[in-house]
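Participant: Okay, handing you the structure first.
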Amino acid sequence: MAAVVDAPPTEDLSALEDQLAALQLKIKMKKEEQGVPIAPYSASFQRTMIDKILGAEDGGVSLLGKTITVGGWVKTGREAEKGAIAFLAVNDGSMFTSLQVVVPREVAESSDLVQSLKGVVITGSSVLVEGTLVAAPEGKEQKVELKATKLRYVGQVDDAASYPLAKKKTSMEFLREKAHLRPRTNTVGAVARIRNELAYATHTFFQQHGFLYVHTPIITASDTEGAGEMFQVTTLLGSVEENGKIPQLSADDVDKLKQETSQQGSAVKEAKAAAAAQKDDPVLMAAAKEAIDKLMALKAKIAQAESGPKYDGGLPRTADGKIDYRQDFFDRPAFLTVSGQLQVENFACSLSNVYTFSPTFRAENSRTSRHLAEFWMVEPEMAFCTLEDDMACAEAYVRFCCRWLLEHCKEDMDFINKMVDKSALERLRHVAETPFKRITYTEAVEILEGVVRDGKKKFEFPVSWGIDLASEHERYLTEDVFQQPVIVYNYPKDIKAFYMRLNDDNKTVGAMDVLVPKVGELIGGSQREERLDVLERRIKEAGMEIEPYVHYLELRKYGTVPHSGFGLGFERLILFATGIDNIRDVIPFPRWPGNADF
């Protein structure tokens, strides 16, 4: 039997609370004595991140007089007072602003790392500097600066003239060729932190709303979009050269082998008969065995030719000349996924609300500023969810992301607003604060046809019911007509994917697109088709095979449920937030036709 512990008397409990309060105060005072926040995984260097200094509420004033070590890369450097001191703008990536570090000449000359101040002022050099945090001169934007007392590490730029990121402004096109160095630039560094915050906001939003994060596969045998623009995954190409050396027999060659085999069969009979007549003759016995071995080799050759893999161009072929994927790694054609939707639906139909956030791939031979071959998708799926619910979730998510950036990424967004897109902050505020307008696809087309008819607008691509709205149409609706985010829903079935729920008019599906200023379509989603017979018909109408979708169809056989979801191209969200012109500049290592560097 468990022992019963009596509750302490009230006065004892009060005494314990007093002791706990005193201990907490002691811990707080001890922390204040230590004062300097050390990066936990740079403890060996006792390094403090710059955002813990300049990003503090008081701008680092509470750390004045403390000995601090910072490490980062020199954004700019210059000697002053006839070479008596050097001013370095050091940035470690933790925030946009760089910390000014003042290095006296004697500190540099007493170091074994450099011979003079010239060794630390070169842009791109890395430094680890120990010093005292002092008040910055009056009139400076920063309240503090670091007066160096010791150079603890210097990674010099060997040839300053060859360093690609000089002080002068460089084009984004050039920086794509230097993707390994471009995060050091103001713009790309800011975009990287904005991307990080949006990823954090994404997980925060869905986790706060009870969604389960699901990892969906990169390799798949199914085409979610039915577009056929997929990268194939195969191991067959690795054996092309070796397989190309395997001799291939024609039908005539096989016929000749069969004739030779027949003749050899007769020779075996004769050899056996001779050996049987003279059982004690070892020569005849050996001749019979040799004849049998030759016959078996010929039969094996025929079997190989008739049933073994046939090669053409080093690739295994079926009898009708098609590639024999039974010889491939996955025993069937496999591809890099264009979407995790079909897989994440599986989990939604068991665990209710789920989402995936992962890379996807599209082998579309496009070199426009809006296309990538590899990009990231945010894809939630919700059980017992209608199209109306789906639109509500999409709107809430986008507005949450806008508010998150405004609250958590002010410094980087201020830079973007000043140097990249002067409307970026206003756009974020507008979307964060404004309810989204909802119109049907038919209403959208009628509006667009009306402005063309009235001579108010001329589009490059003609407008008529049944077209897939182009970016110019989407942006006109959100930027000019409504001047707010717009959700267009109930699209023609012929321009949407097979899995979208067919409406009662048999002409449209329960699909929706979220349109926002600057980029047009930001989100595409739908209520999924939960009726087995309708889904099977839609797959066949799309000209696709049923076999790769058997598991997807079984969700409709075993406890089908109304469910919905959407997909957001993560890079498009960053384009919307920053106003960057080219999607290749908002992903760390962009992939497009002809480019897979880094």
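Participant: Just the residues that are surrounded by fewer than 22 Cβ atoms within 10 Å (Cβ to Cβ) and at positive phi, please, taken from the stretch 498-540.
Facilitator: Scanning the stretch 498-540 gives 506, 518.
Participant: Let me ask another. Tell me yes or no: at least one residue of the stretch 78-90 is touching a helix residue (DSSP H, G or I) at 6+ places or on another chain (Cβ under 6 Å) and closer than 30 Å to residue 409 by Cβ.
Facilitator: No: zero hits.
Participant: Which one is most open to solvent (accessible area, probe 1.4 Å), of the residues in the stretch 155-170 that are among the aliphatic types (A, V, I, L, M) and not in a loop (DSSP other than H, G, I, E, B)?
Facilitator: My answer is 161.
Participant: Kindly indicate whether any position in the stretch 195-210 is farther than 30 Å from residue 325 by Cβ, among the aromatic types (Phe, Trp, Tyr) and not in a helix (DSSP H, G or I).
Facilitator: No.
Participant: Oh, and also: Residue check, residue 410 against (1) open to solvent by 20 Å² or more (accessible area, probe 1.4 Å); (2) in contact with a Cys (Cβ under 7 Å, 6 or more places away or on another chain), all met but one. Which one?
Facilitator: With (1) open to solvent by 20 Å² or more (accessible area, probe 1.4 Å); (2) in contact with a Cys (Cβ under 7 Å, 6 or more places away or on another chain) applied to residue 410, the lone miss is (2).
Participant: Restricting to the stretch 118-154, what's the tally of residues that are hydroxyl-bearing (Ser, Thr, Tyr), part of a loop (DSSP other than H, G, I, E, B) and open to solvent by 50 Å² or more (accessible area, probe 1.4 Å)?
Facilitator: 0
Participant: Restricting attention to the stretch 234-248, and to residues there that are within 15 Å of residue 326 (Cα to Cα) and surrounded by fewer than 17 Cβ atoms within 10 Å (Cβ to Cβ), which single residue is modelled with the lowest pLDDT?
Facilitator: So, considering only residues that are within 15 Å of residue 326 (Cα to Cα) and surrounded by fewer than 17 Cβ atoms within 10 Å (Cβ to Cβ), the one modelled with the lowest pLDDT is 239.
Participant: Let me ask something else. Which residue, of 67, 48, is crowded, with 18+ Cβ neighbours inside 10 Å and more than 22 Å from residue 187 (Cα to Cα)?
Facilitator: Of 67, 48, the one residue that is crowded, with 18+ Cβ neighbours inside 10 Å and more than 22 Å from residue 187 (Cα to Cα) is 48.
Participant: Also: Filter the stretch 419-433 for residues that are open to solvent by 30 Å² or more (accessible area, probe 1.4 Å) and under 24 Å from residue 200 (Cβ atoms) and give the result.
Facilitator: Passing the criteria: 419, 420, 426, 429, 430, 433.
Participant: Next question. Does residue 402 count as open to solvent by less than 50 Å² (accessible area, probe 1.4 Å) and assigned to a helix (DSSP H, G or I)?
Facilitator: Yes.
Participant: So, one more: Please count how many residues of the stretch 84-109 are out of contact with any strand residue (DSSP E or B) (no Cβ under 6 Å at 6 or more places or on another chain) and farther than 30 Å from residue 190 by Cβ.
Facilitator: 5
Participant: Quick one: in the stretch 425-465, of everything that is in a loop (DSSP other than H, G, I, E, B) and among the hydrophobic types (A, V, I, L, M, F, W, C), which residue is farthest from residue 414 (Cα to Cα)?
Facilitator: 465
Participant: Give the stretch 295-328 a look and list any residue that's farther than 16 Å from residue 255 by Cα and surrounded by fewer than 16 Cβ atoms within 10 Å (Cβ to Cβ), or say none.
Facilitator: Hits for the stretch 295-328 are 296, 308, 309, 312, 313, 314, 318, 319, 320, 321, 322, 326.
Participant: Quick one: in the stretch 56-69, which of the residues that are farther than 12 Å from residue 37 by Cα and not hydrophobic (A, V, I, L, M, F, W, C) is farthest from the chain's Cα centre (by Cα)?
Facilitator: My answer is 65.
Participant: Would you call residue 173 closer than 30 Å to residue 298 by Cα, open to solvent by 80 Å² or more (accessible area, probe 1.4 Å) and out of contact with any Cys (no Cβ under 7 Å at 6 or more places or on another chain)?
Facilitator: No.
Participant: Across the stretch 181-201, what is the number of residues that are open to solvent by 20 Å² or more (accessible area, probe 1.4 Å) and either modelled with pLDDT under 95 or under 24 Å from residue 78 (Cα atoms) (or both)?
Facilitator: The number of residues fulfilling the criteria is 6.
Participant: All but one of (1) under 47 Å from the mean Cα position of the chain (by Cα); (2) in a helix (DSSP H, G or I) hold for residue 338; state the number of the condition that does not hold.
Facilitator: Status for residue 338: all satisfied but (2).
Participant: Pick from 509, 550, 514, 519: which is modelled with pLDDT under 95 and closer than 21 Å to residue 445 by Cα?
Facilitator: 519
Participant: Now for a separate question. Looking only at the stretch 143-164, how many residues end up being farther than 19 Å from residue 87 by Cβ and of a type in the set (A, V, I, L, M)?
Facilitator: 1
Participant: Give me the pairs: first residue in the stretch 135-163 and in contact (Cβ under 8 Å) with a residue 40 or more places away in the chain, second residue of a type in the set (Phe, Trp, Tyr) and open to solvent by 90 Å² or more (accessible area, probe 1.4 Å), beta-carbon distance under 9 Å, and six or more apart or on different chains, which are they?
Facilitator: Here the result reads 152/45; 153/45, each pair linking the stretch 135-163 to a residue that is of a type in the set (Phe, Trp, Tyr) and open to solvent by 90 Å² or more (accessible area, probe 1.4 Å).
Participant: Same structure, new question: Could you run through the stretch 134-171 and say how many residues are touching a Lys or Arg at 6+ places or on another chain (Cβ under 8 Å) and more than 14 Å from residue 101 (Cβ to Cβ)?
Facilitator: 3
Participant: Only one of 476, 491 is open to solvent by less than 60 Å² (accessible area, probe 1.4 Å) and in contact with a strand residue (DSSP E or B) (Cβ under 7 Å, 6 or more places away or on another chain). Can you tell me which?
Facilitator: 491
Participant: Additional query: Among the candidates 554, 521, 530, 536, which residue alone is of a type in the set (D, E, K, R), touching a helix residue (DSSP H, G or I) at 6+ places or on another chain (Cβ under 8 Å) and without any contact (Cβ under 8 Å) to a residue 24 or more places away in the chain?
Facilitator: On inspection, the qualifying residue turns out to be 536.
Participant: Return yes or no: is residue 358 open to solvent by 10 Å² or more (accessible area, probe 1.4 Å) and part of a loop (DSSP other than H, G, I, E, B)?
Facilitator: Answer is no for this residue.
Participant: Hey, can you tell me all the residues within the stretch 353-389 that are out of contact with any helix residue (DSSP H, G or I) (no Cβ under 7 Å at 6 or more places or on another chain) and farther than 24 Å from residue 584 by Cβ?
Facilitator: 353, 384, 385, 386, 387, 388, 389
The values are calculated or read from the model by the stated rules, or taken from the named source; none is laboratory data. The structure displayed is predicted, hence computed values, not measured ones. Using ideal geometry, Cβ is built from the backbone for each residue, glycine included, and neighbour counts are taken over all protein chains shown. Areas reflect the complete protein model, heavy atoms only, side chains present, ligands, DNA and RNA absent. Shrake-Rupley method; radii C 1.70, N 1.55, O 1.52, S 1.80 Å.
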